[in-house]
Amino acid sequence: MKEYILKLYVTGQTPRAERAIANLRRLCEHEFAGRYEIEVIDVLEHPELAEQERILATPTLVRFLPPPLRRVIGDLSDSDKVLLGLDLSAPPPKADNTGSRQP
Amino acid sequence: MTDIIAITKIPSHIPGFDHVADGGLPSGRTTLVCGTAGSAKTILAAQFLAEGIRNAGESGVFVTFEESAADIRLNMRGFGWDIAAWEAEGRWAFVDASPEPSHETVIVGDYDLGALLARIEHAVSRVGAKRLSMDSLGAIFTQFTDSTTVRREMFHIAIALKRLGLTALLTAERTAEYGEIARYGVEEFVADNVIILRNVLEGEQRRRTLEILKFRGTPHHKGEYPFSIINGEGMVVIPLSAIELKQKSSDVRATSGSADLDTMCGGGFFRDSIILVSGATGTGKTLMATEFMAGGANQDERCLLFAFEESREQLFRNARGWGVDFERMEREGKLNVVCAYPESEGLEDHLIRMKRTIVSFAPQRVAVDSLSALERVSVPRGYREFVIGLTSFIKHQEITGMFTATTPNLLGGESVTEAHISTITDTIILLRYVEMYGEMRRGLTVLKMRGSRHDKDIREFTIDARGMHIGKPFREVTGILAGVPRHASGGEIEVIRHLFSNE
């Protein structure tokens, strides 16, 4: 189990979707290398998953773990703002209560 | 699909609406419903789907941006719509896009509403929807502050709805009852069809109206139509001026309940006519209505009395005092007395209830005592619409109708009711006080009677334990109707008589 589970909802393979995926991967590699998992969900193929999470806009990034749920909408072009939006502005120290989940 | 195909309409099945809309909503198109807060936009949006399910077997999708699906399910229960059951049957689907306080959302960069559209299409195909309601546009603009993006995305959604062949309602807020159609410039992409709902405060009364501003390429009735929101039913539109004036007329006479009055009217009232009885308080209007009822019941007709001034007990006691047994008539199923306080509800609701009672009881004659009591619960315009609506409805049913109206002055004078309805009534009977030698006496005259000869005299009438008795004409008195009776000497009368003689 990874420490960070992020799901990215996109609509098809549009330039905006590609851009968001690339931005997200770059950011995660930079900040949480080896500790994250990204799932990309195409709402055209899985509208029921969008329904379940009540997603309206695409791209929407949802932080599933650690709780609580956090959402960021847009192509994630500004890494600092994304981290702020996910409430992950600084990597958590090793000794906090999420420590047990670390690999 | 080509543009040459004429625009068809689907009946909404919302009571009265299809009459005003000349058949219903333009099929396969989106209609914008605009209104201020509290103008019943959500109810209309939900009822459009509910009526489709109940009356046309058409499934629907409700997209909500404002209230949660749970709230809507609960709020619409009062109208008798079991949305949860329809959802279970796969005939109603929600796309809940209402804001969730627990979802903290930050916007970073470009986005679209692709997920919303995907969810809508998913819901439409899941229930096989023909109808769709979206409520309300303003709320999505508050959720996403970038209005350029939202406008562009709503435009995409509108195109998608057309492609899916859905007949849709899209609600939008207005800031004022009269002014720009809606905020956010949404008219640009759904400007083909616009309905405006209003909830105007006029003279301390709320008046709800519906106006079809435009249906591009297809006819509809113009102007504002009153509507009402009724528990257990939802919205009921009252298509007043859309009512066609094509009543049949009948030569059959119906007794007034008084042999003397029948004689004055050339043998009785006409079967499908409206009789207005006007007089000051205490001149005998309720008595005339009572005798009118009794006269019908004696001939095995079904009679319906709407009373707005007196309680049931009072009416029954009064009738007994005039030798009429209302209790027996009711027991035999010939009479139905419905009492209501004018203030108990708005005029639109009164009208709807009265129509419903008339339909369910199916009477041959109806009396309203008094119509003018309803004047005080509405603005003049609303009252006029009420009177026209009731009159034309009664005439359509081929019922004899008697309305009483109270004049404000004891002597002479006319009431607002007379001014409003004298032209649409067929017979007018005036009851007046006549002061003679220090004594108040009562006078009666048949002022007009369409299509019949009638007595033009002003006759004295008296009331005793057996009811009303019409006596001789007042001779040697002039000015009764003007409220200033004056005694004329025999010589004067002779002079006047000679004025009009042929010799």
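The values are calculated or read from the model by the stated rules, or taken from the named source; none is laboratory data. Just so it is clear, the structure is predicted and the values come from calculations on it, not from any experiment. Methodologically, a virtual Cβ is constructed for each residue, glycine included, from the backbone with ideal geometry; neighbour enumeration extends over all protein chains shown. SASA here: full protein model, heavy atoms, side chains in, ligands and nucleic acids out. Shrake-Rupley method; radii C 1.70, N 1.55, O 1.52, S 1.80 Å.
May I ask you to list the residues in the stretch B:161-175 that are more than 13 Å from B:LEU137 (Cβ to Cβ), open to solvent by 10 Å² or more (accessible area, probe 1.4 Å) and not β-branched (Val, Ile, Thr)? Once the filter is applied, which keeps residues that are more than 13 Å from B:LEU137 (Cβ to Cβ), open to solvent by 10 Å² or more (accessible area, probe 1.4 Å) and not β-branched (Val, Ile, Thr), the stretch B:161-175 yields B:LYS162, B:ARG163, B:LEU164, B:GLY165.
Candidates are the residues of the stretch B:1-28 that are modelled with pLDDT of 90 or more and surrounded by 24 or more Cβ atoms within 10 Å (Cβ to Cβ); the one that is farthest from B:PHE94 (Cα to Cα) is B:PHE17. For the stretch B:54-89, the set of residues classified as hydroxyl-bearing (Ser, Thr, Tyr) and either under 16 Å from B:VAL127 (Cβ atoms) or crowded, with 20+ Cβ neighbours inside 10 Å (or both) consists of B:SER59, B:THR64, listed by residue number. Looking across the stretch A:37-75 at every residue that is open to solvent by 40 Å² or more (accessible area, probe 1.4 Å), touching a residue at least 24 places away in the same chain (Cβ under 8 Å) and outside any helix (DSSP H, G or I), the one that is farthest from the other protein chains (Cβ to nearest Cβ) is identified as A:GLU37. Residues in the stretch B:29-39 that are aliphatic (A, V, I, L, M), open to solvent by 10 Å² or more (accessible area, probe 1.4 Å) and closer than 23 Å to B:ARG91 by Cβ: none. Of the strands (runs of 3 or more DSSP E) that lie entirely inside the stretch B:376-459, those containing 1 or more residues that are more than 26 Å from the chain's Cα centre (by Cα) and modelled with pLDDT under 85 span B:427-436, B:439-449. Among the residues of the stretch B:293-319, the ones that are free of Cβ contacts under 8 Å to residues at least 24 places away in the same chain and of a type in the set (D, E, K, R) come to 2 in all.
Of the strands (runs of 3 or more DSSP E) that lie entirely inside the stretch B:72-148, those containing 1 or more residues that are touching a strand residue (DSSP E or B) at 6+ places or on another chain (Cβ under 9 Å) and away from chain A (no Cβ under 14 Å) span B:92-96, B:129-135.
For B:GLU51, state whether it is surrounded by 15 or more Cβ atoms within 10 Å (Cβ to Cβ), assigned to a loop (DSSP other than H, G, I, E, B) and charged (D, E, K, R). No, not satisfied.
For every residue, the table says whether it meets (1) at pLDDT below 90; (2) part of a strand (DSSP E or B); (3) of a type in the set (Ser, Thr, Tyr).
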site: B:ALA160; (1), (2), (3): no, no, no
site: B:LEU170; (1), (2), (3): no, yes, no
site: B:GLU180; (1), (2), (3): yes, no, no
site: B:VAL200; (1), (2), (3): yes, yes, no
